[in-house]
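These notes are about the structure you will find just below.
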Amino acid sequence: PAPAPAAATAAAAAVAAPAAAEVAAPVAVVAAATAPAAEPAAVVPAAAPAAEAAAAAGPSVAEAEGAGVAMDVSQDDGAMEVDEEEDDEDDDDEVGELVGEEEGGATEGEVDDQNAPIVKGAGVDDEEAGPAEDADADAEEVDIDAPDEAVSDEEEEDDEDVVLKETKGSSAARKRGDAKHSETLNFFDSFWQDPPGPLGVAAGGTSSASTDSVAQQRFALPGLQRCEAQRRDVLALQKVLQKDTDAASAWKRCTLAPGLQEKFEAFLESEGLAIGAQEGSLFMFLHSYLDVSFPLHTHLNARAVRAVCALHVVDHVLKACQEVLSNSAVSNAAKRRKKNDGEPAKIEEASDLLASCDSGFTRARVLILCPFRSACHEIVRMIMKLFPGSSKEVGNAKRFEEEFGPQEDDGADSEKPADWNHLFQGNSDDRFRLGMSFSRKKMKLYTPFDRSDILICSPLGLRTITGAAGDRKREFDFLSSIEVCIVDRADVLAMQNWEHVQEVMKVVNHRPNHLKGIDITRLRPAFADGKARQFRQTVVTSASQGMDPEALFALGPKDNSSQTSTNLLQKWRANGTFAKRGKTGRFTLEDEDLEDEEEIPDKLLPSQTDASALSCRGFVRLADMPAGDALQNTTALGIAKQFFLHVPSKSMADQNEQMFQAFCSRYWKPLGSTLDRLIIVANSYYNFLQLRRFLREEGVSFCSAFEYSKNKDLSRARFNFFHGHRRCILVTERFLWYRRYRLKGADYVLFYGPPETPGIYEDILNGVKTPSQCNSMCLFTQHDAFALERISGHERARKMLTSPPGKVFVYS
């Protein structure tokens, strides 16, 4: 398994504050779907001994591997540059570069892994392609495309005419929409609109919804009984998704890139995949470019969820590339007409340049974070099948299958549950990076990050490049212009190392450290204004709702500079001083401070604050009521009594301390110290270390098992506990999640915090020695609301969370 998550700190609690305020008692404010069949009896335990609890042992927590990443990146500046022809009158080289076409005299190939940056002390041996690596590699391994032949002016004009015709045709198609529906929904044209426009547009183009900002809306959709929208009125989209059939076919009502709808229909038919009401509603909100939280991504609907996400990504990239092509074609055609008429080519006015601003600081538009290579393999194959030019050659496809495809021994394990097989069946390596580029001719894999449209990475693989605060060398400029960021299976990423996810998200849309290679005349005002995060769409999918995934929506890049910020857009507009071409043929700032065109002063770009980390388009959560199957199944199994103790906790910062005090005074002293055959499940590695130290100081005969235990140590611990040689076994939830061992021989179970995965709660109680004689206890605080609700169900969790602290509930 990957390094364990770092201990919760006050700073981490501050980051999660927006979600914590909402989660304090989330199930208490939502109407119950159905009443429980039988009410549990609330009992008050006998008076606990008055003796003082043993002094809490100070936590001796080893820092998680990778928490502080030391980097030594060897960067070849030549790999970051794109060869261009120096032609003052023609900008086709720049256009080709933006849309991924090969230019005359410039070749692209696979990236040489030998030049990839390596993280010191990360414990990973493999090397991956980075953002600034050489494209030179052995001829046997690399398929280098030959440069295109030079084209004449007449052929170039013909190509521009084709682009103009395609642009007009695609615009007309978007206006016509789907012939089967009376309305068409297309939000890409208003992607950069500030403030955002209405979320409903009639076929004639008339607004059919209010643009008023709404603080909060709660609503229900088919299969999604707990939905919530913030800072945006989504009533128009609710009306479209009221019926199951309408929600399942909602993607057909959206205006997609030319040819993409037919591709998606053929993909669904060939894969035997059906889009349900949940996935259809998900795509509708993805298409509207709201920030989306979707905590219903499980092994049962994983392919359908990833299919609609892949459709959204391809649609966004194709429309963006077409916009760049059409703007360049119009601009070049106008310049050519002026040249043929004998008039000198003039630099456009600022108003004209604003109309053609279609690019960011860098080319990459989409970032996808996923946990394993198997997930990356599935997503990339979907994108390949949806790409309109996928029938042609895909660059480096063979290498991709070798490195990301399933291995011979990656079969399913019949002894493991279905959700475990779904995650770990295939290539489960969690350190990888992959760049993808699109052009009208082909799609290419393993492209350098500065020449990629889509980046698909694991948090660990990406953090080996981005590093951490304080590292001498860091590289994250290629993430400065991300427009769509998708976090796939956040619950799995949390089991790997959530700190990697947080550190990566902090540098997404961070200001670039270099202005090199930026065409400032095509830079969007949102990037120049430092509002990239506000316009970025963030999508988080997970198997369950939690505080950590919710906190990502309020996490943005921060600038350590305390000096007054000067707006880049103001410099860009100031008296036309931008109208100077550099040696590469790009427009650059005519500023003495930027003479070398390398470093950006601290004052140049404004910093992001916590308020500006929120999307300007609003946020929506698409969730459903948990059924609480774990508690129902264990009750049906015949477990004698299942106790739940409400531990007081005023804030997340003191949650661990309050839990430990409750464990000592309410469980261990009066009861636990006398029990034999006891299993203690710690919900974090921090709590595991604290409990292990306490048991050692108490002289308890126990054994332990955690994610870093060797196989022989695990076998010895299980053997000693099963045969009664040890009174107690201490394990971590993360160990059970990775190994899914069934620990047998227990008579008593203590859950030190409700498990995030309800299946673990059920598996532990399924392995007890005699169910009718087994008692279990689960300690929880108000901050464990989501995990508690997944185990017990909505109505039971509501009663427990709204009860006075210290109260005990029992189910039998």
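Kindly check whether there is at least one residue in segment 368-385 that is assigned to a loop (DSSP other than H, G, I, E, B) and either closer than 30 Å to A329 by Cβ or among the β-branched types (V, I, T) (or both). Among the residues of segment 368-385, not one is assigned to a loop (DSSP other than H, G, I, E, B) and either closer than 30 Å to A329 by Cβ or among the β-branched types (V, I, T) (or both), which makes the answer no.
Name the residue, out of E271, E262, that is free of Cβ contacts under 8 Å to residues at least 12 places away in the same chain, surrounded by fewer than 21 Cβ atoms within 10 Å (Cβ to Cβ) and either under 21 Å from I368 (Cα atoms) or not hydrophobic (A, V, I, L, M, F, W, C) (or both). Just one listed residue meets the conditions, E262. Could you list, in sequence order, all residues of segment 689-719 that are of a type in the set (S, T, Y) and more than 35 Å from the chain's Cα centre (by Cα)? Within segment 689-719, S701, S715 meet the criteria. Residue check: D430 meets all listed conditions (1) out of contact with any strand residue (DSSP E or B) (no Cβ under 7 Å at 6 or more places or on another chain); (2) more than 19 Å from C485 (Cα to Cα); (3) surrounded by 17 or more Cβ atoms within 10 Å (Cβ to Cβ) but one, namely (2). Would you confirm whether or not segment 166-185 contains a residue that is open to solvent by less than 30 Å² (accessible area, probe 1.4 Å), part of a strand (DSSP E or B) and at pLDDT 95 or above? The answer is no, given that none of the residues of segment 166-185 is open to solvent by less than 30 Å² (accessible area, probe 1.4 Å), part of a strand (DSSP E or B) and at pLDDT 95 or above. If you scan segment 764-791, which residues turn out to be open to solvent by 10 Å² or more (accessible area, probe 1.4 Å) and closer than 27 Å to E550 by Cβ? The answer is Q782, H783, D784, F786, R790. The set of residues in segment 698-721 that are in a helix (DSSP H, G or I), among the charged types (D, E, K, R) and either in contact (Cβ under 8 Å) with a residue 60 or more places away in the chain or crowded, with 21+ Cβ neighbours inside 10 Å (or both) contains only E698. Regarding F735, is this residue without any contact (Cβ under 8 Å) to a residue 24 or more places away in the chain, over 21 Å from V647 (Cα atoms), among the hydrophobic types (A, V, I, L, M, F, W, C) and surrounded by 15 or more Cβ atoms within 10 Å (Cβ to Cβ)? Against the criterion (without any contact (Cβ under 8 Å) to a residue 24 or more places away in the chain, over 21 Å from V647 (Cα atoms), among the hydrophobic types (A, V, I, L, M, F, W, C) and surrounded by 15 or more Cβ atoms within 10 Å (Cβ to Cβ)), F735 does not qualify. Candidates are the residues of segment 635-684 that are of a type in the set (G, A, S) and in a helix (DSSP H, G or I); the one that is most open to solvent (accessible area, probe 1.4 Å) is A636.
How do the pairs read when you match residues in segment 674-697 that are closer than 16 Å to R726 by Cβ with residues anywhere that are surrounded by fewer than 22 Cβ atoms within 10 Å (Cβ to Cβ) and among the acidic types (D, E), using Cβ under 6 Å and keeping only pairs 6 or more apart or on different chains? Cβ pairs passing all conditions: R677/D747. I'd like to check something: does segment 271-290 contain any residue that is part of a helix (DSSP H, G or I), within 18 Å of A250 (Cα to Cα) and among the polar types (S, T, N, Q)? The answer is yes; a qualifying residue exists. Among the residues of segment 434-474, those identified as open to solvent by less than 20 Å² (accessible area, probe 1.4 Å) and farther than 26 Å from A307 by Cα are R463, T464, I465, T466, G467, A468.
The values are calculated or read from the model by the stated rules, or taken from the named source; none is laboratory data. Given the structure is predicted, the values throughout are model-derived calculations rather than measurements. Note that each Cβ is placed from the backbone with ideal geometry, even for glycine, and that neighbours are counted across all protein chains shown. Protein only, heavy atoms only, side chains kept; ligands, DNA and RNA dropped before computing areas. Shrake-Rupley method; radii C 1.70, N 1.55, O 1.52, S 1.80 Å.
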